[in-house]
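Visitor: This is the structure, below, for whatever I ask next.
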Amino acid sequence: MANSIQYAKTQSTPSVKLNTNELAGRVRVAFAEYEASAEQSTVTMFTIPNGARLLSATVSHDQLAASTTTLSVGNGAYTDADGTAVALDVDAYKAAAVATSATSSDALVTMALGKNAVVNANEDGLPVTVTIAAANGSGTIQLQMFYVLD
């Protein structure tokens, strides 16, 4: 029978302590709301601390426009823990999708889109963004993200 990396750590001699973002950590939530006003923009919603494991996220919004307005979830430019600059990535956690009707949708849905990733940022943390693009949008946008840190 095979074991996960984390289980193998607990069974080794001597056992290796798991990080709290792997076992017994507390789940935290970050929440933000933004009122868009006939705009195309990238909005910083909140910052997630270094070392946090990203669990799940949901973006909810009004009908932002009647035609081609899109909404994505990503990260703002930041500095990683080694001091390397990381560029803005507007769709790191959710690809742009039309926002022409009121809805909620998940972000962080795959490992490629950040599911279970551990934040590698300096003391300033990881800025999480939503981006309104393709056409001007107006209305309420809400983003919530669950993560575990300690």
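Visitor: Only strands (runs of 3 or more DSSP E) wholly contained in the range 34-109 count here; list those with 1 or more residues that are among the charged types (D, E, K, R).
Guide: 53-61, 89-98, 103-107
Visitor: Answer yes if at least one residue in the range 57-75 is within 21 Å of Gln144 (Cβ to Cβ), without any contact (Cβ under 8 Å) to a residue 60 or more places away in the chain and under 22 Å from the mean Cα position of the chain (by Cα), and no otherwise.
Guide: There is at least one residue in the range 57-75 that is within 21 Å of Gln144 (Cβ to Cβ), without any contact (Cβ under 8 Å) to a residue 60 or more places away in the chain and under 22 Å from the mean Cα position of the chain (by Cα).
Results for (1) more than 21 Å from Thr20 (Cβ to Cβ); (2) out of contact with any Gly (no Cβ under 7 Å at 6 or more places or on another chain), shown as yes or no for each residue.
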| site | (1), (2) |
| --- | --- |
| Ile48 | no, no |
| Arg53 | no, yes |
| Ala57 | no, yes |
| Gln63 | yes, no |
| Ala92 | yes, no |
| Leu126 | no, yes |
| Ile132 | yes, yes |
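Visitor: Which is of a type outside the set (Lys, Arg), surrounded by fewer than 18 Cβ atoms within 10 Å (Cβ to Cβ), within 17 Å of Leu54 (Cα to Cα) and in contact with an Asp or Glu (Cβ under 8 Å, 6 or more places away or on another chain), of Asn136, Asn122?
Guide: Asn122 is the lone residue from the list that is of a type outside the set (Lys, Arg), surrounded by fewer than 18 Cβ atoms within 10 Å (Cβ to Cβ), within 17 Å of Leu54 (Cα to Cα) and in contact with an Asp or Glu (Cβ under 8 Å, 6 or more places away or on another chain).
Visitor: Can you name every residue in the range 90-107 that is under 12 Å from Ile132 (Cα atoms) and more than 13 Å from the chain's Cα centre (by Cα)?
Guide: Answer for the range 90-107, where residues must be under 12 Å from Ile132 (Cα atoms) and more than 13 Å from the chain's Cα centre (by Cα): Ala96, Ala97, Val98, Ala99, Thr100.
Visitor: Hey, another quick one. Hey, among Ala57, Ala117, Ala107, which residue is in contact with a Lys or Arg (Cβ under 6 Å, 6 or more places away or on another chain), of a type in the set (Gly, Ala, Ser), at pLDDT 95 or above and under 22 Å from Arg26 (Cβ atoms)?
Guide: Every option except Ala107 fails the conditions.
Visitor: Taking the range 8-38, which residues are out of contact with any strand residue (DSSP E or B) (no Cβ under 7 Å at 6 or more places or on another chain) and acidic (Asp, Glu)?
Guide: Within the range 8-38, just Glu22 meets the criteria.
The values are calculated or read from the model by the stated rules, or taken from the named source; none is laboratory data. The shown structure was predicted, so the numbers you read here are calculated from the model rather than taken from an experiment. Note: ideal-geometry Cβ built from the backbone for every residue, glycine included; neighbour counts use all protein chains shown.
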